[in-house]
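The numbers here are math on the coordinates, done by the rules we state, and not lab data. This one's a predicted model, so the numbers in the text were calculated from it and none came from an experiment. Cβ placement follows ideal geometry from the backbone for every residue including glycine, while neighbour counts extend to all protein chains displayed.
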Amino acid sequence: MKFKDRNLRALAECLIGDNTAFLYHSSSRITEFFQDCDIEVIHDGSTRSAWTVLRLEELLNEPQPKAHTLPERFVHVLRTLMLKEDTMDDDPGRSKALEELNKPLMREGYEAFYGDNNLLYIRHIGTKTVSVSNNPHRPLTPHQIKRRTLLTVFLDTCSEDELIEEVLLPLFRQLDCSVQQRLTGSVLTEKNDDNHGRKIVRNIGHKGD
């Protein structure tokens with residue numbers, strides 16, 4: 001997904017506080033803001049606006065959950081930016097900030113609004129499709145999304161033996177002895193014998209049947 005340069009610059013100005021309806025963010029505070037969004041980037045001392053535009057472009061290039069929605073981490077950044085507790089003295093309900101945020105978003109065909117839970121949501125104006133994550137936790141990174149996709153494909157096609165060898169046995173080898181003891185009722189010792197490992201896994205699966 002791509003936004004026009006003009007609109008990206010306007011969004012960046014909201015984020016760094018060059019738009020006076022938003023809190024001002026210095027170089028270090030920009031880094032802290034992205035960390036609050038669970039995005040590990042560090043402002044490199046370059047022009048704050050240009051640097052932030054690049055970060056927003058990167059987020060927009062991430063996968064869309066479905067048609068007419070924005071990438072999850074992009075939405076998460078705007079939601080964090082618009083938290084009600086970050087209100088300004090002259091804008092207690094953040095209506096001015098919402099109006100400023102919507103100027104570039106609406107030029108791209110989207111509209112931000114507050115839900116009943118006081119969190120920000122963004123909908124596509126034409127279809128009314130709301131950009132929202134089905135995950136209550138932080139959005140996944142692109143690397144995590146790729147790993148989830150690969151795991152889903154594997155689980156859809158693997159045999160029982162492949163599941164045991166490729167997933168369960170490596171998992172149990174990493175577990176502490178105490179955790180393994182809770183799972184089986186007795187202390188398990190690591191052995192390289194795969195047949196022994198399969199027996200353990202199957203016993204765990206049938207325990208309590």
Taking a label point 7 Å from the Cα of V41 along the Cα→Cβ vector, which residues of the range 86-109 have an amide N closer than 12 Å to it? none
Which entries in K2/K96; K4/K84; K2/K66; K2/K84 show an alpha-carbon gap greater than 22 Å? K2/K96; K4/K84; K2/K84
Charge dipole of the range 2-107 about the Cα centre (unit charges at C-beta), most positive-ward option of C37, P63, L81: P63
Cut-off is 10 Å between beta-carbons; in what order do F154, F3 appear when sorted fewest neighbours first? F154, F3
With label points set 7 Å from each Cα along the Cα-to-Cβ direction at E85 and N117, the distance between them in nm comes to 1.6 nm
Label-point separation (nm) for R107 and S49, each offset 7 Å from Cα along Cα-to-Cβ? 1.2 nm
At 7 Å along Cα-to-Cβ for each site, give me the label-to-label distance between T152 and E57 in nm. 2.9 nm
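Would you mind getting me the FRET efficiency between R29 and E162? Use the beta-carbon distance for r and R0 = 45 Å, nearest 0.05.
On the way: r = 49 Å, r/R0 = 1.08.
The formula returns an efficiency of 0.40 here.
Computed over the Cα atoms of the range 38-121, what is the ratio Rg over Rh, Rh following Kirkwood? Mind showing how you got there, number by number?
Working: Rg = 13.8 Å, Rh = 14.2 Å.
In the range 38-121, Rg relative to Rh is 0.97.
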Amide H partners (placed H, <5 Å) of S131, local residues excluded: L70, I122, R123, H124
In the range 1-98, which GluC sites (Glu not before Pro) fall in coil by DSSP and have 10 or fewer other Cβ atoms within 10 Å? E40
